[in-house]
1. Could you tell me the largest-minus-smallest coordinate of the C-alpha atoms of the stretch 511-550 on each of the three principal axes, in descending order and whole angstroms?
2. Could you go through the stretch 695-701 in sequence order and give the Karplus-derived ³J(HN,Hα) for each residue, using 6.51 cos²θ - 1.76 cosθ + 1.60 with θ = phi - 60°, rounded to whole Hz, and x for Gly and Pro?
3. Along its principal axes, what span do the Cα atoms of the stretch 345-442 show, with the longest given first and each in whole Å?
4. Near the amide H of residue 230, under 5 Å away, which other amide H atoms are found, from residues 5 or more places off or on another chain, if H is placed in the peptide plane?
5. Under a 5 Å amide H to amide H cut-off, with H placed in plane at 1.01 Å, what residues pair with residue 610 once short-range neighbours are removed?
6. Sort 630-641, 228-239 by the packing proxy (mean of other Cβ within 10 Å over each peptide's residues), most packed first.
7. The stretch 657-800: D in µm²/s via Stokes-Einstein (Kirkwood Rh, Cα pairs, 10 °C, 1.306 mPa s)?
8. Counting other Cβ atoms within 10 Å of each Cβ, which GluC sites (Glu not before Pro) in the stretch 470-528 have at most 12 and sit in a DSSP loop?
Amino acid sequence: VQPHAQKNNDLPIRMYGIAAVMVEDPQTKLEPVITMPEVLKPEQNVTIKVSEKSGKPMAYTLAVVDEGLLDLTRFKTPDPWKQFYAREALGVKTWDLYDFVLGAYGGELERLLSIGGDGEVKPGEDKGNSLRFKPVVKFFGPFYTNGKEQSHTFKMPNYIGSVRTMLVAGNEGAYGSAEKATPVRQSLMALATLPRVIGPDEEVKLPVNIFAMDNSIKQVTVTIATNDMLTPVGGNTAVLNFAKTGDQLTTFNLKVKPKPGVGKVVVTAVSGSNKSTYEVEIKVRVPNPPVTNVIEQVIDAGQTWSGQYVPAGMAGTNKGTIEISVIPPINLESRLRYLINYPHGCIEQTTSAAFPQLFISQLTEPDQETKARIDVNVKAGIEALSRFQTSDGGFSYWPGQPEADDWGTSYAGHFLLEAKEKGYEVPEGLLSSWSKYQAGKTSIGGQSVYDQRQDFMLAYRLYTLALGGKVELAAMNRLKEMPSLSSAASWRLAAAYAIVGQKDVARQIIDNLAVNVEPYKEMAFTYGSDDRDEAMILETLVLIGDRSKAAPLVKEISLNLSNQGKWLSTQATAYSLIAVSKFSGFQTDNKGLNADVTINGKQMNAKTGLPVAQLKIQSANVANTLSVRNNNKSVLYVRVVSEGTPAVGDPTTIENNLKMNVVYKTGKGKVIDPSNILQGTDFIAEVTVSNPGTYGDYKQMALNQIFPSGWEITNTRLDGTASHFAASQSNYEDIRDDRVYTYFDLKKGETKTFRVLLTAAYIGKFYLPTVSCEAMYDNNVAARKPGKWVNVVKEAMITN
């Protein structure tokens with residue numbers, strides 16, 4: 001065997017092996033036999049008989065699966081014999097270990113394929129209709145037979161198409177498999193389809209296919225029935241006549257009620273004694289962002305306040321809460337919902353959504369429903385973070401990216417440690433790999449002057465290691481002695497010393513530091529702001545027990561949280577809630593409150609030993625009367641929060657330090673008007689964004705495109721044309737049923753263009769929501785184009 005060419009004149013390390021030839025043994029083969037009807041009928045019992053051709057005993061499992069599902073991934077029936085007894089050619093295999101020799105590594109892994117998490121459900125997000133797609137997926141077993149034929153019976157769901165029955169068997173080193181494809185049909189069949197989602201007040205045509213598979217079927221009466229989310233327009237019955245076997249199409253007009261929910265349509269086709277039903281569900285979603293109205297009031301001891309509450313948004317989207325507190329109000333309900341409903345899902349935002357929920361019980365007493373929801377959200381957050389972990393133990397900014405994000409790694413690890421402390425189950429491998437990554441990044445590198453962003457990152461890393469019991473005291477001491485240590489790093493380092501019991505050292509570090517931070521916003525690195533930093537300072541003051549400095553700071557943070565017009569990033573919001581919660585647990589006096597609340601004549605008592613009480617408002621979509629009596633000896637702060645989603649989005653156009661243009665084009669580049677598009681047309685939504693250069697480079701930009709229900713998105717990544725179709729490179733792209741989120745950076749003076757391939761699939765009247773682009777960590781950079789109503793029409797309906 002000729003050795004490979006040497007690399008850099010060094011002698012490579014070689015390994016040689018000889019593959020063996022396996023002789024086929026008939027005794028290792030099983031030949032299962034599946035016996036079942038050649039045609040199956042929906043909603044009827046199906047009997048499958050299983051035997052072994054030669055009467056051999058075997059253990060086996062059965063699966064009956066929709067062939068359409070299997071075709072999506074070209075799934076083949078498993079053949080264990082081929083796996084275990086694969087024939088290999090006689091030959092020599094070589095392994096070159098050169099790149100694994102110490103010091104010889106020269107490869108690059110930066111271009112590893114990154115797979116996006118399209119359509120991932122965020123913690124607490126409602127998945128909507130569970131029956132939108134109803135495939136047949138049945139699994140039976142394991143079973144064992146001594147060579148005798150066995151029967152298995154199940155009821156076929158209301159399904160039309162083809163299923164594959166798959167059997168995998170084994171017994172003492174012998175293996176085999178079998179499969180059988182079977183159509184599922186009956187003499188009369190109905191099939192209906194709707195878009196994946198739809199919006200309030202939209203109109204859509206429901207196409208219904210009727211299949212007559214028997215010559216005896218001549219006339220078919222088709223009827224549709226809907227739930228309260230949909231209304232048939234122009235009748236709900238149609239009659240079809242068949243001269244011969246075949247299929248015909250009929251359509252029904254549906255209008256959506258102005259509220260969110262799940263629409264349901266049941267199609268019934270009847271011809272003589274033949275009857276077929278088909279059920280289809282569709283999620284009615286509101287694509288517009290919610291609006292929030294707040295009534296604030298301060299009630300003196302022994303006094304009563306009365307007022308009115310008017311629900312915001314459409315019926316079905318209204319959520320009302322009364323918050324009563326002895327501390328300055330923090331707008332808990334609204335701020336927490338902002339985090340949970342935030343549409344994007346990077347490492348920071350995923351962590352921020354779940355993190356504050358760990359400490360809610362230190363502020364208020366949640367009811368059982370809220371406790372259950374918090375439990376689900378925190379567990380979902382822990383599970384989601386596992387998809388961000390990189391091979392070296394860190395956490396990437398987006399799922400699947402090969403490189404760790406330093407700040408996101410510390411922030412996510414911080415949450416996992418706190419969650420574990422609160423009793424949540426955190427995978428040990430997740431934390432141990434994270435700890436190794438953190439410990440390997442504690443070196444200062446011998447620099448005498450350290451970048452302030454880097455020293456802050458290092459201080460936070462050392463803090464998280466101390467919190468996890470992996471104290472790096474030597475690294476902490478080295479950082480403490482660094483000249484020109486930034487204020488932010490000093491506060492975080494002091495928190496680390498406080499955790500390990502050296503509170504005197506912590507106080508020395510921050511002795512001459514101010515608790516207030518000059519306003520700033522950071523689009524990358526630590527994704528920080530003055531609001532986030534002050535919340536971290538408050539947490540440090542709580543750790544060292546300095547109540548005198550903490551009290552005025554918590555008032556300032558509470559004021560920021562309660563100010564509905566004050567924009568806070570996801571991290572600033574989360575950390576502010578965390579810090580105030582920890583301060584609440586630090587307080588030992590004047591925490592309790594007692595108030596009598598009356599809503600529309602119904603009386604209830606808000607009494608708790610905690611600083612905040614929350615009561616949900618159950619009311620109709622009309623004005624409601626409220627009153628609150630303060631039974632405390634000190635003032636109470638009352639906030640009535642009303643949140644809901646409007647039927648129509650914001651009609652205004654804005655361009656703040658960002659230019660954005662939205663056009664729709666044919667495949668050949670011709671600009672078209674989306675107001676009326678012919679059904680079946682393929683076209684492109686093209687968005688161009690430009691940085692005018694007045695505000696520097698932009699990081700972590702998010703382009704939000706939600707499309708009308710009648711338009712379908714073509715995911716060009718599935719057919720391998722994404723790189724040819726894209727005009728500009730993005731950092732990450734999240735493609736869902738009805739929307740595309742695109743994330744990118746934009747340098748000073750740079751312009752980028754992003755395209756989405758669409759198809760006008762369903763006839764009807766639909767709402768095209770607002771297109772917006774924003775810097776996720778700086779609200780001074782944003783652009784918005786208003787939405788409008790559009791139509792998908794037949795050719796005869798298009799007019800000039």
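Just so it is clear, none of the values below were taken in a lab; they were calculated from the coordinates. Being a predicted model, the structure only gives us computed values, none of them experimental. All Cβ positions, even for glycine, are placed from backbone atoms using ideal geometry, and neighbour counts span all protein chains on display.
1. Here the Cα extents, ordered largest to smallest, are 32, 16, 14 Å.
2. Using θ = phi - 60°, the values come out as 10, x, 6, 10, 10, 6, 7 Hz.
3. 42, 23, 19
4. 257, 264
5. So residue 610 has HN proximity to 593.
6. Per-residue Cβ counts within 10 Å, averaged per peptide and sorted highest first, yield 630-641, 228-239.
7. 100 µm²/s
8. Those satisfying the criteria are 481.
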